[in-house]
Amino acid sequence: MPEMNTSSLPDLIFTILFFFMIVTTMREVTLKVKFVVPAGTELEKLEKKSAVSFVYVGPPTDQLRAQFGSSTRIQLNDRYAEPSEVMDFVLQERQSMSDQSAQVISIKADQKTQMGYITDIKEVLRKSWALKINYSATHRN
Amino acid sequence: MAKKKRKVPGLNASSTADISFILLIFFLITTSMDTDMGLARRLPQPPENEEIKQEMKIKERNLMEVRINAQGFLWVKNGVINDFIPEVRELRNIAKQFIKNEENLSSLPEKHPINIPLLGMCALTDKCVISVQTDRGTPYNMYFQVQNELVAAYNELRDELSKQKFGRAYAGLSDEQKVAIRTYYPQKISEAEPKNYGGN
């Protein structure tokens, strides 16, 4: 029986590999805050990934706690930020988007966060005309 | 000198497939395919002038206030209820009753006859507003649950109406039908600037 020619098999697998590399997204930032998002029932999926910017809110992670304490922090990209810096972040993110009116800000905040932080962020978002927001959550029944 | 043509032996490439398989599996594991979920909300437009704070003139019967204090306690005030409520879940039915005003009570939102395409003449409580007020110390989770219940109240009302009128759930309607239902039950959840309730 003649052996099957498998010399094209690597190419085939490489093609699948490249497909996955392009389609999926790598985790974009290293988290510096830890958070457990609330659970809700009326959730919607975040549709366009490219139009979403994330704002993380929570206490510093265990490794960083010794350095930064345990009070609530806001993380934008790879660093801690003040609420006032959110505006720059939002405008910068908007610049890099193709459909700027579709911008969505996803707020990933810890359950135990005090509303003061969230309200500050919301006020800044309002001022920078980023009106579509999304409170990140997990699904519950 | 023996002139022998030496043939270069071919590299054994049979393991390349295995290597690329390992790479493939590595990428499958490290990349995130998970879809992010969340409660979508829309913020009000920024005030045009900082000094002139828009004075919202809302009749008392059209307003339902939900206040969450720093301890996470919930206080609801509308025409029929003015009390602390112990469970967030109760908020859904209170909100539904408020928005619907089935018996046309004078203490609940007033109704206007409006002609909606596809639905005909309807009496709407389109002037009603639910106002959520929080303290700076309010736990985020409590606020989220309140928002969730209010959105749930609207979603349930829209579902009930679309089942009654079109015989299908809201999600299965055509775009025109959805617009009609949304006109019937416009979502009006306002968020006032935070105040101090019950101190920090």
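The values are calculated or read from the model by the stated rules, or taken from the named source; none is laboratory data. Fair warning: this is a prediction, and the values are worked out from it, not measured in the lab. Please note: Cβ atoms are built from the backbone with ideal geometry, for glycine as well, and neighbour counts cover all protein chains shown.
Name the residue that is modelled with the lowest pLDDT, counting only residues in the range B:1-34 that are β-branched (Val, Ile, Thr) and under 30 Å from A:Ala137 (Cβ atoms).
B:Thr31
Show the residue pairs that are 6+ apart or on different chains and have beta-carbon atoms under 6 Å apart, the first residue being within the range B:4-29 and closer than 10 Å to A:Leu9 by Cβ, the second being β-branched (Val, Ile, Thr) and modelled with pLDDT of 80 or more.
Going by the 6 Å Cβ cut-off, the qualifying pairs are B:Ala17/A:Ile13; B:Ser20/A:Ile13; B:Phe21/A:Ile13.
Going by what's in this entry, would B:Ile114 be described as within 30 Å of A:Thr138 (Cα to Cα) and touching a Cys at 6+ places or on another chain (Cβ under 7 Å)?
No: the conditions fail for B:Ile114.
Is at least one residue of the range B:151-166 over 17 Å from B:Ile68 (Cα atoms), of a type in the set (Lys, Arg), buried (at least 19 other Cβ atoms within 10 Å of the Cβ) and in contact (Cβ under 8 Å) with a residue 24 or more places away in the chain?
yes
Going by the structure shown, is A:Glu82 within 8 Å of chain B (Cβ to nearest Cβ) and either more than 14 Å from the chain's Cα centre (by Cα) or at positive phi (or both)?
Considered against the rule, which asks whether it is within 8 Å of chain B (Cβ to nearest Cβ) and either more than 14 Å from the chain's Cα centre (by Cα) or at positive phi (or both), A:Glu82 comes out as no.
Please verify whether B:Ser190 is surrounded by fewer than 16 Cβ atoms within 10 Å (Cβ to Cβ), of a type in the set (S, T, N, Q), closer than 27 Å to B:Ile68 by Cα and out of contact with any Asp or Glu (no Cβ under 6 Å at 6 or more places or on another chain), treating the condition exactly as stated.
Yes, satisfied.
Conditions (1) part of a loop (DSSP other than H, G, I, E, B); (2) hydrophobic (A, V, I, L, M, F, W, C), marked per residue:
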site	(1), (2)
A:Pro2	yes, no
A:Leu12	no, yes
A:Ile74	no, yes
A:Tyr80	no, no
A:Ile107	no, yes
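A:Pro10 - would you say it is buried (at least 18 other Cβ atoms within 10 Å of the Cβ) and under 30 Å from B:Phe21 (Cα atoms)?
yes
For the list (1) within 30 Å of A:Tyr56 (Cβ to Cβ); (2) surrounded by 15 or more Cβ atoms within 10 Å (Cβ to Cβ); (3) at pLDDT below 90, I need the number of the one condition that B:Lys127 fails.
For B:Lys127, the failing item is (1).
If the Cβ limit is 6 Å and pairs must be 6+ apart or interchain, which residue in the range A:75-87 that is touching a residue at least 24 places away in the same chain (Cβ under 8 Å) pairs with which residue that is hydrophobic (A, V, I, L, M, F, W, C) and surrounded by 15 or more Cβ atoms within 10 Å (Cβ to Cβ)?
What qualifies is A:Gln75/A:Val33; A:Pro83/A:Ile121; A:Pro83/A:Val124; A:Val86/A:Ile121; A:Val86/A:Val124; A:Met87/A:Val124.
Got at least one residue in the range A:93-103 being hydrophobic (A, V, I, L, M, F, W, C) and either more than 8 Å from chain B (Cβ to nearest Cβ) or more than 20 Å from B:Glu191 (Cα to Cα) (or both)?
Yes, because at least one residue in the range A:93-103 is hydrophobic (A, V, I, L, M, F, W, C) and either more than 8 Å from chain B (Cβ to nearest Cβ) or more than 20 Å from B:Glu191 (Cα to Cα) (or both).
Scan the range A:37-72 for residues that are part of a loop (DSSP other than H, G, I, E, B), surrounded by fewer than 19 Cβ atoms within 10 Å (Cβ to Cβ) and touching a Ser or Thr at 6+ places or on another chain (Cβ under 9 Å) and report the count.
Final tally of qualifying residues: 1.
Quickly run through the range A:1-53 and pick out the residues that are facing chain B (nearest Cβ under 8 Å), farther than 18 Å from A:Glu93 by Cβ and of a type in the set (Lys, Arg).
A:Lys45
Out of the residues in the range A:87-111 that are charged (D, E, K, R) and in contact with a strand residue (DSSP E or B) (Cβ under 6 Å, 6 or more places away or on another chain), which is farthest from A:Thr72 (Cα to Cα)?
A:Glu93
Enumerate the pairs (first residue in the range A:114-126 and touching a residue at least 24 places away in the same chain (Cβ under 8 Å) and at negative phi; second residue anywhere and surrounded by fewer than 21 Cβ atoms within 10 Å (Cβ to Cβ) and in a helix (DSSP H, G or I)) with beta-carbon separation below 6 Å, excluding pairs fewer than 6 apart on the same chain, so at least 6 apart or on different chains.
A:Asp120/A:Pro83; A:Ile121/A:Pro83; A:Val124/A:Pro83; A:Val124/A:Met87
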